[in-house]
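Data first, discussion second: the structure below is written as structure tokens.
The values are calculated or read from the model by the stated rules, or taken from the named source; none is laboratory data. Source: prediction; values computed, not measured. Methodologically, a virtual Cβ is constructed for each residue, glycine included, from the backbone with ideal geometry; neighbour enumeration extends over all protein chains shown. Heavy atoms of the whole protein, side chains included, go into the accessibility calculation; ligands, DNA and RNA do not. Shrake-Rupley method; radii C 1.70, N 1.55, O 1.52, S 1.80 Å.
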Amino acid sequence: MADPDLTSPAPAPLVVAIDGPAAAGKGTLALRIAAHYALPYLDTGLLYRAIGRLAAASGVDPDDAEATAAIARTLDTRALDDGSLRGREAGELASRVAVHPPVRAALEAFQRDFARSAKGAVLDGRDIGTVICPGADVKIFVTASPEVRARRRTDELVAKGREATYERILAEVRERDERDAGRATAPLRAAADAHLLDTSELDIETAFQAACELIDRFLARRSGV
Ligand code: CDP
């Protein structure tokens, strides 16, 4: 009998785009999905965080489009492994450099190439379903109320022993939402064909199950089941 591994074609790649505002739970969800479906995962926010951080470290004004784009064009993706990029300060710098069209343009090819991997990929960010992977197989827009997101982020920071007050975090969440959704290039918004997943009242396990249902439904449809 023929070896089925040699005769059956490789499964078609699966590309999952996850977008949404700060602290909606995108990252945790994307990681779980990537592990469950054995897909490579790219947290695209880290790209903007790394550029913001490099700008600050080298005395470049984060609001200077050309100077920050020059950093973006030579970004070494090994810089993404730095755990401190996930902090609040880097998040704030990221949303400032992310408004510049030449910064975004410089990051496009890397993100698209990542999504073209043979197996497919999970990418999370703000413009994955709208700009980077408009043809993604499954698009999920993860939201939660600003209050719930601020509460989660505050708890997360306090658990890590950092100083954080709910009011201050809520103000930061609102400010970042406004900047991300209000910018002219690639603003934060759900693609027309994205599935909305409001996690205000869902824990991560329930949100993950809901996302898996969407993906499994897509896979079943694609394989004609
Ligand atoms: O984890 P959190 O949602 O707080 O932030 P993040 O996903 O790491 O993104 C940090 C900032 O980078 C966002 O506030 C956006 O301004 C920007 N960003 C973007 O513009 N486009 C992306 N695809 C990802 C992040």
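At-a-glance table
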read-out	value
Segment 44-116, dipole about Cα centre (Lys/Arg Cβ +1, Asp/Glu Cβ -1), debye to the nearest 20	280 debye
Cα gyration tensor, segment 44-116 - rounded (a/c under 1.5), prolate or oblate	oblate
Among Pro13, Ile51, Ser200 the positive-end extreme of the charge dipole of the chain (Cβ point charges)	Pro13
Global geometry of segment 126-225, whether rounded, prolate or oblate, following the gyration tensor of its Cα atoms and the 1.5 cut on a/c	oblate
Reach of Lys119 by Cα under 30 Å, taken over lysines that are not fewer than 8 positions away in the same chain	Lys26, Lys139
Whether segment 4-76 is rounded, prolate or oblate, judged on the alpha carbon gyration tensor where a/c under 1.5 counts as rounded	prolate
Dmax and Rg, reported as Rg then Dmax, of the chain (C-alpha, Å)	18.3, 67
Cα→Cβ-extended label distance, 7 Å offset, between Leu219 and Asp137, nm	0.8 nm
Rounded to the nearest 20 debye, dipole of segment 44-173 from Cβ charges on Lys, Arg, Asp, Glu	400 debye
Accessible area per residue, Å², segment 1-109 with all protein chains present, probe 1.4 Å	47 Å²
Kyte-Doolittle mean at least -0.5 and Cα axial length at least 24 Å: DSSP H helices in the chain	204-222
Protection proxy ranking, peptides 132-141, 21-30, 77-86, 199-208, average beta carbon neighbours within 10 Å, highest first	21-30, 132-141, 199-208, 77-86
